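Down below is the structure, laid out as structure tokens.
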Amino acid sequence: MKKTLGALIAQTRKEKGMTQLELAEKMGVTDKAVSKWERDLSCPDIQSLPLLAQVLDLSLEELMQGEEKPRPAPKEAGALVSTILRGVALAMGAATAVLSFLDALPPKDGLALLGLGLACLAADALGKEG
């Protein structure tokens, strides 16, 4: 949904946990200026827009168009973490098997690798419960 520039600045600033004064300090302006921007009584200087976009972690396009582009959902990040944990577990098992077959791995070290793999699987299972 499109927003005014001021509404987008206010919303994004609040989402970042910043006060108007903190944003103003980062931008080199007064908090009164930020307040005017957010109420659409004035606009930031065109030369300051790249810095404003950077401070708010928006692209210049998002800032100018008044809407944020969809960001990866936390669910997608969770799937990536799950894949990584399962991959590490598989790698530990494979490494243990191959190195043991080559007599290049003492049993104590093999148990440590398998333990790490099991810990990754447990972390993955716990993550899916929460």
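Restricting the search to the stretch 43-58, which residues are surrounded by fewer than 13 Cβ atoms within 10 Å (Cβ to Cβ), free of Cβ contacts under 8 Å to residues at least 40 places away in the same chain and not β-branched (V, I, T)? Within the stretch 43-58, D45, Q47, P50 meet the criteria.
Just give me the residues in the stretch 1-11 being over 20 Å from the mean Cα position of the chain (by Cα) and touching a residue at least 40 places away in the same chain (Cβ under 8 Å), in sequence order. Can you show your working first?
From the stretch 1-11, those over 20 Å from the mean Cα position of the chain (by Cα) are 1-7, 10; that's our starting set.
Within the stretch 1-11, M1, K2, K3, T4, L5, A7 meet the criteria.
Please go through the stretch 79-98 and pick out each residue that is surrounded by 14 or more Cβ atoms within 10 Å (Cβ to Cβ) and farther than 12 Å from L114 by Cα. Spell out how you get there, then give the answer.
Residues of the stretch 79-98 that are surrounded by 14 or more Cβ atoms within 10 Å (Cβ to Cβ), as a first pass: 82, 85-86, 88-89, 91-93, 95-97.
Within the stretch 79-98, S82, L85, R86 meet the criteria.
The set of residues in the stretch 99-130 being loosely packed, with under 15 Cβ neighbours inside 10 Å, part of a helix (DSSP H, G or I) and not small (G, A, S) consists of F101, P107, K108, D109, L111, L118, L126, K128, E129. Per the conditions (1) part of a loop (DSSP other than H, G, I, E, B); (2) within 30 Å of G117 (Cβ to Cβ), the sole criterion not satisfied by S42 is (2).
Among what's in the stretch 12-36 and is over 27 Å from the mean Cα position of the chain (by Cα) and in a helix (DSSP H, G or I), pick the residue that is surrounded by the fewest Cβ atoms within 10 Å (Cβ to Cβ).
Of the residues in the stretch 12-36, the ones over 27 Å from the mean Cα position of the chain (by Cα) are 29-33, 35-36.
Within this subset, residues satisfying the condition of being in a helix (DSSP H, G or I) are 31-33, 35-36.
Values: D31: 15, K32: 12, A33: 19, S35: 16, K36: 16.
By that ranking, first place goes to K32.
Taken together, the values in this text are just the output of simple stated rules run on the coordinates, not laboratory data. No experiment lies behind these values; they were computed from the predicted model shown. Ideal geometry is used to build each Cβ from the backbone, glycine not excepted, and the neighbour counts take in all protein chains shown.
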